[in-house]
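Okay, so here's the structure we're looking at.
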Ligand SMILES: [Zn+2]
């Protein structure tokens, strides 16, 4: 091992490395320049020293303020940029007081997995297959024209993508609810009653017992839950395509709603929803949308919150707690790697080959379909999730 001496700057050694825990991540959404130094678009990890995180973070914090300066403007006094500091860019206002901003994920980030997934989607979108399914939307107490068309759009734009990716799209019943009691009534009215328990909020898929031969997709009405990124945002627009993907999954299994590892069931709904969304929201890549989702909109299930969630913890479909719910966010990465490694046809075969209603037998199904031991795949998945910063 070689020990190199770090050059000392005028302010001594206090600020050279982060001595305090990170304040979290800060997303820079356009390429910026501070005092002539480039800060490319991407996610930065912020560490402070001798100053509180709240003074640096957020839209009114120092980092935001510095980013807003004209490219060659000086920093407000007494701040200075430590040009001779080693590692991540650092700003200091005096001895032992300042912060550093380290670019952890550039926005243009790609790896061989994301390149391949982009290729699979791009190729699939050239397919001639046409979605002919009929979707019946029922809005509790109606909706304005804008809300109605934008609610429908979230699914109607996803369906052709699902179809072109090779999934069978079938007729759907979509209950857009202002409250759960109305959902219960509608399930009864559409003969979806099979005595299964109903969650206490809309935003779920109710299995295949309804009059149309499928299940029912439930979601919140825009008027009763205004998601924080708006009517055009990913948060609102992901719910119905996610629940609809459960209908696809249900039809791929021979006996309805198969019992699969949670990362597979929920991670798939998230992953393919994101593929659909990024195909009509092309200003960002699917990886950027993924990052936006789990770093900006739902950091409670993001890379920091889910760091310790193991594949095991994300497997039991009836598991509870944050680590289990990380199956939606972190678990999506396992699906991504699965599609990258074994392709969409084998991905679909995993449903068809499942002959027992027990997620603990997934290793048998997996081996039969892919020829790979599930435990070996999990080792690769673990490595992949770590590489992606989770
Ligand atoms: Zn789900």
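Looking at 313, 327, which is the one that is surrounded by 22 or more Cβ atoms within 10 Å (Cβ to Cβ) and modelled with pLDDT of 95 or more?
Of the residues listed, the single one that is surrounded by 22 or more Cβ atoms within 10 Å (Cβ to Cβ) and modelled with pLDDT of 95 or more is 327.
Restricting attention to helices (runs of 4 or more DSSP H) lying wholly within the range 204-305, give those where 2 or more residues are within 16 Å of the ligand (Cβ to nearest atom). Walk me through how you get there before you give the answer.
Working: elements: 234-252, 262-280, 286-291.
Of the helices (runs of 4 or more DSSP H) lying wholly inside the range 204-305, those with at least 2 residues that are within 16 Å of the ligand (Cβ to nearest atom) span 234-252, 262-280.
Could you tell me whether the range 195-206 includes any residue that is over 19 Å from residue 139 (Cβ atoms) and under 23 Å from the mean Cα position of the chain (by Cα)?
Yes, the range 195-206 contains a residue that is over 19 Å from residue 139 (Cβ atoms) and under 23 Å from the mean Cα position of the chain (by Cα).
Which condition does residue 319 not pass, out of (1) modelled with pLDDT under 95; (2) closer than 20 Å to residue 260 by Cβ; (3) under 16 Å from the mean Cα position of the chain (by Cα), if it passes all the others?
Among (1) modelled with pLDDT under 95; (2) closer than 20 Å to residue 260 by Cβ; (3) under 16 Å from the mean Cα position of the chain (by Cα), residue 319 violates only (3).
If residue 170 satisfies every condition in (1) out of contact with any helix residue (DSSP H, G or I) (no Cβ under 7 Å at 6 or more places or on another chain); (2) more than 15 Å from the ligand (Cβ to nearest atom) but one, which is the exception?
Result: residue 170 fails condition (1) only.
Criterion first (farther than 30 Å from residue 128 by Cα, away from the ligand (no atom under 16 Å from the Cβ), in the same structural domain as residue 346 (by TED's automatic domain parsing) and touching a strand residue (DSSP E or B) at 6+ places or on another chain (Cβ under 7 Å)) does residue 176 satisfy it? Steps first, please.
Numbers: farther than 30 Å from residue 128 by Cα: yes; away from the ligand (no atom under 16 Å from the Cβ): yes; in the same structural domain as residue 346 (by TED's automatic domain parsing): yes; touching a strand residue (DSSP E or B) at 6+ places or on another chain (Cβ under 7 Å): yes.
Taking the combined requirement at face value, the residue satisfies it.
I'd like to check something: does the range 182-198 contain any residue that is away from the ligand (no atom under 16 Å from the Cβ), over 30 Å from residue 122 (Cα atoms), surrounded by 14 or more Cβ atoms within 10 Å (Cβ to Cβ) and touching a residue at least 60 places away in the same chain (Cβ under 8 Å)?
No - not one qualifying residue is present in the range 182-198.
Taking the range 25-40 on its own, how many of its residues are within 22 Å of residue 299 (Cα to Cα) and crowded, with 16+ Cβ neighbours inside 10 Å? Even if it seems obvious, please write down each step before you answer.
Going residue by residue through the range 25-40, those that are within 22 Å of residue 299 (Cα to Cα) are 25-30, 40.
Now narrow it down to the ones that are crowded, with 16+ Cβ neighbours inside 10 Å: 25-26, 28.
Of the residues in the range 25-40, 3 are within 22 Å of residue 299 (Cα to Cα) and crowded, with 16+ Cβ neighbours inside 10 Å.
The values are calculated or read from the model by the stated rules, or taken from the named source; none is laboratory data. Every value quoted in this text rests on a predicted model; they were computed, and no experiment measured them. No Cβ is skipped: glycine too gets one built from the backbone with ideal geometry, and neighbour counts run over all protein chains shown.
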